[in-house]
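To start, the structure under review is shown below, and the notes come after it.
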Amino acid sequence: MDGAPAAPETIQEAEQQIARAPLVLNRRNLSWLTERISGVVEQPAPRWWWVAFTITASAATFGLFCLGYQISTGVGTWGNNIPVGWAWDITNFVFWIGIGHAGTLISAILFLLRQKWRTSINRSAEAMTLFAVICAAIFPGVHVGRVWMAWYLAPIPNNWAIWPNFRSALMWDVFAVSTYFTVSVLFWYTGLVPDLATLRDRATTKIRKFLFGIFALGWRGSNRHWRHYEMAYLLLAGLSTPLVLSVHSVVSFDFATSVLPTWHSTIFPPYFVAGAIFGGFAMVLTLLLPCRAMFKLHDVITPQHIDKMAKIILLTGSFVGYAYMMEFFIAWYSGNSYERFAFWNRIFGPYWWYWWVGMLFCNVLSPQLFWFRWCRYNVYVVYFVCMCVNAGMWFERFIIIVGGLHRDFIPSSWGLFIPTWVDIWTYIGTLGIFTSLFLLFVRFLPMIAMSEVKTAVPEADVHYATPPEIQSVSTGGKERTR
Amino acid sequence: MMRTPAGHKVYAMAAEYPSAAALCEAAKRVRDAGFRRWDVFSPFPIHGMDEAMGLGKSWLSGWVLFGGVSGLLTAALVEFGPSWFLYRLDVHGKPWNFWTVPAFFPIMFELTVLFGAFAAFFAWQGMNGLPRWYHPLFNWERFSRVTNDGFFLAIEARDPRFTENGVRELLEQTGGQHITIVHED
């Protein structure tokens, strides 16, 4: 009991000990929050923004050129060939769709769990979800080869009287991903309306007033409106929660319903969902930490928020590590020689270093740093781990897809996958599209949900009368909240 | 119809309050005074305000249930229609009749969620009478702070209990500041 705090002497001392750390630091008030968050949109773009946008938009443009080249020439511009019929295209699809999951987890699941700290990060995480799903949707769209035939996926009556196969996991995927995108847009826009009204009321130019006015739908903060609005928000969260869990489960069915060793596995749905949240949180932090520093949002996105996200990365990273271990165990325990070979090949085959570096070091070992409080509170360590996880999750999908395909049942048909420049630049292009869209979002829309963060300050409580003694916290150097 | 001396139609009498707590107290007083056509306005939803105003649960959930059920039925129709009648497909060794239903669950689930979400989205706007880009309260200059840090209460002139002096007195008693008449035009 050496480390236990001494018993409180007075009631006041006891109250201080059980008081929760504030979610908005330095006792910032409502109008400070409005000013600081709207200010990001209202002030001219800083120089770094133009530099960053030029780079990302160039990558996006070249990526779009590659897509045009691939569509006009054919899938042969990629390195995909028998036995590796799915390669970077589906790797990138699973990578991007997984990233989206953190946004929905923050906006929906943490809302249902009444985690108020989500209010500082949910808007940007939801935006990230949308942009990631846009990038994801590109790949299955173009890998079908003849893109103009993609409407065959929809159940539209046609003069050949042909209908899609609704029993196919790929068909489920079409419905899951399109539903996910649509519901995420509806949820995101619903959350945006009160904040668009804030920007409308602060607009100084006619064009801003007009545009924000149109999209704010005439919102006026009426409590009779909030009542229905909050019910809608709750139900959208309730609908999104099973939806997000279903989306990556359905993505995993694309593999799990096949008969290929390493793909044909019942652990895939929970394993994919945990991996998606794991990779998604890393991407949330990758985007938020620079924004927090550049726009000086330290009082809203506090060390406490980063700490909590790091803990989620540790938790989901451990799920993922467990799933990796269980896959090896089941391969051995099954006694199936093809299954055993496939996993042996995973760690000692031609793609050995993808596993040792990508899966083992980046995904399993690097998040273990977050057991240490010092690491969770050091933004450089957090950023390093997030970068490892971003890379590691891409490697994981590559190993699952290409690793499962390149050495199948007959050694005479073995082969390797070699990406072409179109493969590489299409992927870099989607990174450009993703970051460009995020940069535009930060410039034109409030990146923090103002109306929601305001509910997390003490003044929002109707029982808030006399200010309780809350210790003011310094933001410099030692950013501790407890 | 009440009019100001200058001939404007009167929409409401409104006041500003310094905090969410003050607004909530005032709402309780206005509710107890028996007013029906009134509302409070705040930059964020205030916990406990629905009870303070005497409002019950929002039945928006009914629309979402309707949306979800219609999504489920749409999916069942779109899947069973072709499978059973239009285009019998023998694949995966799965039956084409009702017993293929487990393979249809994912799409049924997705469309249930999709239609439910659309219902929630359109219902919160429809039940609130939005979009409505013009409102008399926007005529009041101070009201623009409602999306920043302002807390407001307005009692409409069409409320049967509305009298200029009575309402002004009530708003003053509850601690309302900047009490004003809001014009309709």
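Scanning segment A:264-315 for residues that are free of Cβ contacts under 8 Å to residues at least 12 places away in the same chain and either touching a Ser or Thr at 6+ places or on another chain (Cβ under 8 Å) or at positive phi (or both) gives a single hit, A:His264.
Taking the stated definitions as given, is B:Glu51 loosely packed, with under 14 Cβ neighbours inside 10 Å and not in a loop (DSSP other than H, G, I, E, B)? Talk me through it step by step, then tell me what you get.
Numbers: loosely packed, with under 14 Cβ neighbours inside 10 Å: yes; not in a loop (DSSP other than H, G, I, E, B): yes.
Against the criterion (loosely packed, with under 14 Cβ neighbours inside 10 Å and not in a loop (DSSP other than H, G, I, E, B)), B:Glu51 qualifies.
Among the residues in segment A:185-196, are any facing chain B (nearest Cβ under 9 Å) and touching a Lys or Arg at 6+ places or on another chain (Cβ under 9 Å)? Yes, segment A:185-196 has at least one match.
Filter segment B:128-185 down to the residues that are of a type in the set (Phe, Trp, Tyr) and within 15 Å of B:Val30 (Cβ to Cβ) and list them by number. Give the derivation first.
To start, the set of residues in segment B:128-185 that are of a type in the set (Phe, Trp, Tyr) comprises B:133-134, B:138, B:140, B:143, B:151-152, B:162.
Hits for segment B:128-185 are B:Phe151, B:Phe152, B:Phe162.
The lone criterion from (1) over 24 Å from A:Val247 (Cα atoms); (2) part of a helix (DSSP H, G or I) left unmet by B:Gly68 is number (1).
Scanning for something at the interface with another protein chain (Cβ under 7 Å from one of its Cβ atoms), of a type outside the set (D, E, K, R), over 23 Å from the mean Cα position of the chain (by Cα) and surrounded by 23 or more Cβ atoms within 10 Å (Cβ to Cβ), does segment A:198-213 turn up at least one residue?
Taking segment A:198-213 as the starting set, the residues that turn out to be at the interface with another protein chain (Cβ under 7 Å from one of its Cβ atoms) are A:198, A:201, A:213.
Checking the rest, the ones that are also of a type outside the set (D, E, K, R) come to A:198, A:213.
Going one step further and asking which of them are over 23 Å from the mean Cα position of the chain (by Cα), we end up with A:198, A:213.
Still in the list and also surrounded by 23 or more Cβ atoms within 10 Å (Cβ to Cβ): A:198.
The answer is yes, given that some residue of segment A:198-213 is at the interface with another protein chain (Cβ under 7 Å from one of its Cβ atoms), of a type outside the set (D, E, K, R), over 23 Å from the mean Cα position of the chain (by Cα) and surrounded by 23 or more Cβ atoms within 10 Å (Cβ to Cβ).
Within segment A:433-460, restricting attention to residues that are within 14 Å of another protein chain (Cβ to nearest Cβ), modelled with pLDDT of 90 or more and not in a helix (DSSP H, G or I), the residue that is farthest from A:Arg20 (Cα to Cα) is A:Pro446.
When B:Trp84, B:Trp96, B:Trp133, B:Trp124 are screened for being in contact with a helix residue (DSSP H, G or I) (Cβ under 9 Å, 6 or more places away or on another chain), at pLDDT below 90 and in a helix (DSSP H, G or I), only B:Trp84 passes. The condition of being touching a residue at least 40 places away in the same chain (Cβ under 8 Å) and under 21 Å from the mean Cα position of the chain (by Cα) holds for only one of A:Phe384, A:Phe341, A:Phe398, that being A:Phe398.
Output the residues belonging to segment B:32-48 that are part of a loop (DSSP other than H, G, I, E, B) and more than 7 Å from chain A (Cβ to nearest Cβ). Show your work before the answer.
Just the residues of segment B:32-48 that are part of a loop (DSSP other than H, G, I, E, B), to begin with: B:33-37, B:42-48.
If the condition is that a residue be part of a loop (DSSP other than H, G, I, E, B) and more than 7 Å from chain A (Cβ to nearest Cβ), then B:Ala33, B:Gly34, B:Phe35, B:Arg36, B:Arg37 are the ones that fit.
Do we find that A:Ala60 is in contact (Cβ under 8 Å) with a residue 12 or more places away in the chain and part of a helix (DSSP H, G or I) in this structure? Yes. Does A:Tyr354 satisfy the criteria of being surrounded by fewer than 16 Cβ atoms within 10 Å (Cβ to Cβ) and assigned to a helix (DSSP H, G or I)? So A:Tyr354 fails the test.
Residues in segment A:35-65 that are crowded, with 17+ Cβ neighbours inside 10 Å and of a type in the set (Asp, Glu): none. Being in a helix (DSSP H, G or I), farther than 22 Å from A:Ala176 by Cα and within 8 Å of chain B (Cβ to nearest Cβ) is the filter here; which residues of segment A:214-263 pass it? Scanning segment A:214-263 gives A:Ile214, A:Asn223, A:Arg224, A:His225, A:Trp226, A:Arg227, A:His228, A:Tyr229, A:Glu230, A:Met231.
Being of a type in the set (S, T, N, Q) and within 8 Å of another protein chain (Cβ to nearest Cβ) is the filter here; which residues of segment A:151-167 pass it? Answer for segment A:151-167, where residues must be of a type in the set (S, T, N, Q) and within 8 Å of another protein chain (Cβ to nearest Cβ): just A:Asn165.
Just one residue in the set A:Thr426, A:Thr420, A:Thr430 is farther than 30 Å from B:Met49 by Cβ, over 17 Å from the mean Cα position of the chain (by Cα), surrounded by 19 or more Cβ atoms within 10 Å (Cβ to Cβ) and away from every other protein chain (no Cβ under 13 Å); that residue is A:Thr426. Residues of segment B:66-78 that are more than 9 Å from chain A (Cβ to nearest Cβ) and either among the basic types (Lys, Arg) or surrounded by 14 or more Cβ atoms within 10 Å (Cβ to Cβ) (or both): B:Phe66, B:Gly67, B:Val69, B:Ser70, B:Gly71, B:Leu72, B:Leu73, B:Thr74, B:Ala76.
Considering segment A:401-420, the residues that are touching a residue at least 12 places away in the same chain (Cβ under 8 Å) and assigned to a helix (DSSP H, G or I) include one that is nearest to A:Ala282 (Cα to Cα), namely A:Ile401.
When segment A:17-50 is limited to residues that are touching a residue at least 12 places away in the same chain (Cβ under 8 Å) and β-branched (Val, Ile, Thr), the one that is nearest to A:Leu211 (Cα to Cα) turns out to be A:Val41.
Scanning segment B:32-41 turns up at least one residue that is surrounded by 16 or more Cβ atoms within 10 Å (Cβ to Cβ), in contact (Cβ under 8 Å) with a residue 24 or more places away in the chain, closer than 25 Å to A:Asp195 by Cβ and among the β-branched types (Val, Ile, Thr). None of B:Gly116, B:Gly81, B:Gly129 is at the interface with another protein chain (Cβ under 9 Å from one of its Cβ atoms), over 30 Å from B:Lys9 (Cα atoms), within 37 Å of the chain's Cα centre (by Cα) and of a type outside the set (A, V, I, L, M, F, W, C) except B:Gly116. Filtered by the rule that a residue be within 14 Å of chain A (Cβ to nearest Cβ), in a helix (DSSP H, G or I) and not β-branched (Val, Ile, Thr), segment B:143-183 gives B:Phe143, B:Ser144, B:Arg145.
Condition check: assigned to a helix (DSSP H, G or I), β-branched (Val, Ile, Thr) and buried (at least 20 other Cβ atoms within 10 Å of the Cβ). Does A:Thr179 satisfy that? Outline the logic, then answer.
Details: assigned to a helix (DSSP H, G or I): yes; β-branched (Val, Ile, Thr): yes; buried (at least 20 other Cβ atoms within 10 Å of the Cβ): yes.
It is true that A:Thr179 is assigned to a helix (DSSP H, G or I), β-branched (Val, Ile, Thr) and buried (at least 20 other Cβ atoms within 10 Å of the Cβ).
Applying the criterion of being at the interface with chain A (Cβ under 7 Å from one of its Cβ atoms) and either among the aliphatic types (A, V, I, L, M) or within 19 Å of A:Pro458 (Cα to Cα) (or both) to the residues of segment B:54-65, the residue that is surrounded by the fewest Cβ atoms within 10 Å (Cβ to Cβ) is B:Leu55.
To keep it simple, each residue is scored yes or no on (1) assigned to a helix (DSSP H, G or I); (2) out of contact with any His (no Cβ under 8 Å at 6 or more places or on another chain); (3) under 30 Å from B:Pro43 (Cα atoms); (4) within 14 Å of chain B (Cβ to nearest Cβ).
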site	(1), (2), (3), (4)
A:Ala7	no, yes, no, no
A:Ala14	yes, yes, no, no
A:Gln17	yes, yes, no, no
A:Pro22	no, yes, yes, no
A:Ser31	yes, yes, yes, yes
A:Arg36	yes, yes, yes, yes
A:Val40	yes, yes, yes, no
A:Ala45	no, yes, yes, no
A:Trp50	yes, yes, no, no
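Go through segment B:92-113 and give me each residue that's more than 7 Å from chain A (Cβ to nearest Cβ), of a type in the set (Val, Ile, Thr) and within 33 Å of the chain's Cα centre (by Cα). Across segment B:92-113, the qualifying residue is only B:Thr112.
The values are calculated or read from the model by the stated rules, or taken from the named source; none is laboratory data. All values reported here derive from a predicted model rather than from experimental measurement. A quick note on method: Cβ atoms are made from the backbone with ideal geometry, for glycine too, and the neighbour counts reach across all protein chains shown.
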